[in-house]
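Colleague: Have a look at this one.
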Amino acid sequence: MTEETPGFEEKPDVPSGATPDDAEPKAAPAQGAAPAGDSSAQLAGLTAQLDQVRTALGERTADLQRLQAEYQNYRRRVERDRITVREIAIANLLTELLPVLDDIGRAREHGELVGGFKSVAESLETVAAKMGLQQFGKEGEPFDPTIHEALMHSYAPDVTETTCVAILQPGYRIGERTIRPARVAVAEPQPGATPAKAEGADEAPAAGDEKKDNGPEEG
């Protein structure tokens, strides 16, 4: 038997021409491992990019909302202008027809609205009414300077306020818009006249006083 020499360890066989380091096994490098500093930098970069995207999205959303609001305002303004232009056009047309309607009214008052002329006149009045034309002005209604034009003035004992006593020419309106005031004759109360209610009130105490005077005398 071969005796082992104490103090020496048995080493693996090394091929000729190789260094001793080649005989030692080497650890395999870790796959996919990255330094901690690189991971933090990448996370910070992604967070910054996400913030930028969110900011850009918020700005684009605000721009879209502003454009939508402007478009809605534009549509409302166009619709309002369209209605206004239509009303003005209708008012101008009907204003030109008012003398014709006045002639029809005078012919009706004198009994001359007969035959084919009557049919045409009534058709014209119907079309004007469909377009929104309204006639106003009646005898006995209070005088309103915003819708009445006083052409004649007088005093009357049977009125308590300024009153339209005659309609010389009817007024016309479209909706709330007056296109011609009613031309009227007005009457005011007589200057210094005592209203009927006041006269009755004066008579009542007199009757009471008379009753008191006719009562039995004291003592």
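Colleague: When only DSSP loop residues count, what GluC sites (Glu not before Pro) in segment 139-175 have their Cβ near at most 12 other Cβ atoms within 10 Å? Mind dumping the intermediate values first?
Modeller: On the way: sites: 139, 149, 161; in loops: 139, 161.
Here the sparse-neighbourhood loop sites are 139, 161.
Colleague: Considering amide H positions built from the backbone, and no H for Pro or chain starts, which residues 5 or more places from residue 149, or on another chain, come under 5 Å of its amide H?
Modeller: The list, which skips near neighbours in sequence, is 182, 183, 184.
Colleague: Please work out how much accessible surface residue 74 shows to a 1.4 Å probe, ignoring ligands, DNA and RNA, in Å² rounded to 10.
Modeller: Here the accessible area works out near 120 Å².
Colleague: Give the peptides 92-99, 105-112 in descending order of average Cβ contacts within 10 Å, highest first. Kindly include the intermediate steps, with their values, before the conclusion.
Modeller: Numbers: 92-99: 13.4, 105-112: 11.9.
Ranking the peptides 92-99, 105-112 by packing returns 92-99, 105-112.
Colleague: Something else now. Among 44-52, 128-136, 179-187, how do they line up from the highest to the lowest mean number of other beta-carbon atoms within 10 Å?
Modeller: Numbers: 44-52: 10.0, 128-136: 14.9, 179-187: 20.0.
Ranking the peptides 44-52, 128-136, 179-187 by packing returns 179-187, 128-136, 44-52.
Colleague: Just want the answer: with Cβ charges of +1 for Lys and Arg and -1 for Asp and Glu, which residue in 121, 85, 137 is farthest toward the dipole's positive end in segment 64-201?
Modeller: Going by the Cα projections, it comes out as 85.
Colleague: Next up: Taking 30 Å as R0, compute the FRET efficiency from the Cβ-Cβ separation of residue 161 and residue 131 and round it to 0.05. List each step's numbers first, then the result.
Modeller: On the way: r = 34 Å, r/R0 = 1.15.
That pair, residue 161 with residue 131, gives E of 0.30.
The values are calculated or read from the model by the stated rules, or taken from the named source; none is laboratory data. This one's a predicted model, so the numbers in the text were calculated from it and none came from an experiment. Because the Cβ atoms are built from the backbone with ideal geometry, glycine has one as well, and the counts that use them run over all protein chains shown. To get the accessible areas, we keep the full protein, side chains included, count just its heavy atoms, and leave off ligands, DNA and RNA. Shrake-Rupley method; radii C 1.70, N 1.55, O 1.52, S 1.80 Å.
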